[in-house]
Amino acid sequence: MIALRVVPSAVVAVGVIAAPSAHADNQFCSSDQVCSFYSPSHAISCEIDYQRGGIPDSTYCQINTPQLAQSAHMDATGTYTICNGQSCMGNPGLGQATLPYGESVGLGPFGCRSEVNGLTCTVSSGSGFAISSSGIVKVP
């Protein structure tokens with residue numbers, strides 16, 4: 001079974017978002033293989049896929065504002081690619097929940113944490129990206 005949990009205060013050590021564990025009524029994950037959510041501003045949306053039959057293990061986040069249309073697609077090693085422009089945008093999941101500031105969600109090796117200045121998504125090694133209205137940058 002995949003470890004999965006939403007926690008109000010994830011432990012962050014050396015830039016790594018703590019790995020969440022099972023939570024039966026998780027509003028962010030529709031199954032043990034996919035989680036999707038909005039940032040509180042709804043400008044950023046993300047999807048985490050893990051062991052989801054035929055879909056590569058990954059985290060995908062996008063920011064779509066009048067000033068910026070940008071997305072990041074990260075694999076389980078923490079390697080990510082950035083795409084710029086409206087052609088990079090997807091449709092967020094219908095009815096997905098909002099990840100409140102200070103909370104984290106994770107699936108498999110992936111974890112994302114919501115902060116006032118944006119979202120930070122990493123893998124268990126600590127590699128990843130931060131996405132905000134300023135763009136996408138590497139962490140740590």
With respect to THR65, determine if the residue is surrounded by 11 or more Cβ atoms within 10 Å (Cβ to Cβ), among the β-branched types (Val, Ile, Thr) and either free of Cβ contacts under 8 Å to residues at least 24 places away in the same chain or within 14 Å of LEU107 (Cα to Cα) (or both). no
Residue under question is PHE110, and the condition is that it be of a type in the set (Phe, Trp, Tyr), modelled with pLDDT of 95 or more and more than 16 Å from GLN33 (Cα to Cα); does it hold? no
Scanning for something touching a helix residue (DSSP H, G or I) at 6+ places or on another chain (Cβ under 6 Å) and without any contact (Cβ under 8 Å) to a residue 24 or more places away in the chain, does the stretch 74-84 turn up at least one residue? no
Go through (1) within 13 Å of VAL34 (Cα to Cα); (2) in contact with a strand residue (DSSP E or B) (Cβ under 9 Å, 6 or more places away or on another chain); (3) surrounded by fewer than 17 Cβ atoms within 10 Å (Cβ to Cβ) one by one and return the number of the condition GLY54 breaks. (2)
Among the residues of the stretch 87-132, write down those that are surrounded by 15 or more Cβ atoms within 10 Å (Cβ to Cβ), among the hydroxyl-bearing types (Ser, Thr, Tyr), in contact (Cβ under 8 Å) with a residue 60 or more places away in the chain and in a loop (DSSP other than H, G, I, E, B). SER124
Mind listing whichever residues of the stretch 23-66 are farther than 23 Å from GLY85 by Cβ and among the hydroxyl-bearing types (Ser, Thr, Tyr)? SER30, SER31, TYR50
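The values are calculated or read from the model by the stated rules, or taken from the named source; none is laboratory data. The shown structure was predicted, so the numbers you read here are calculated from the model rather than taken from an experiment. Cβ atoms come from the backbone with ideal geometry, glycine included; neighbour counts cover every protein chain shown.
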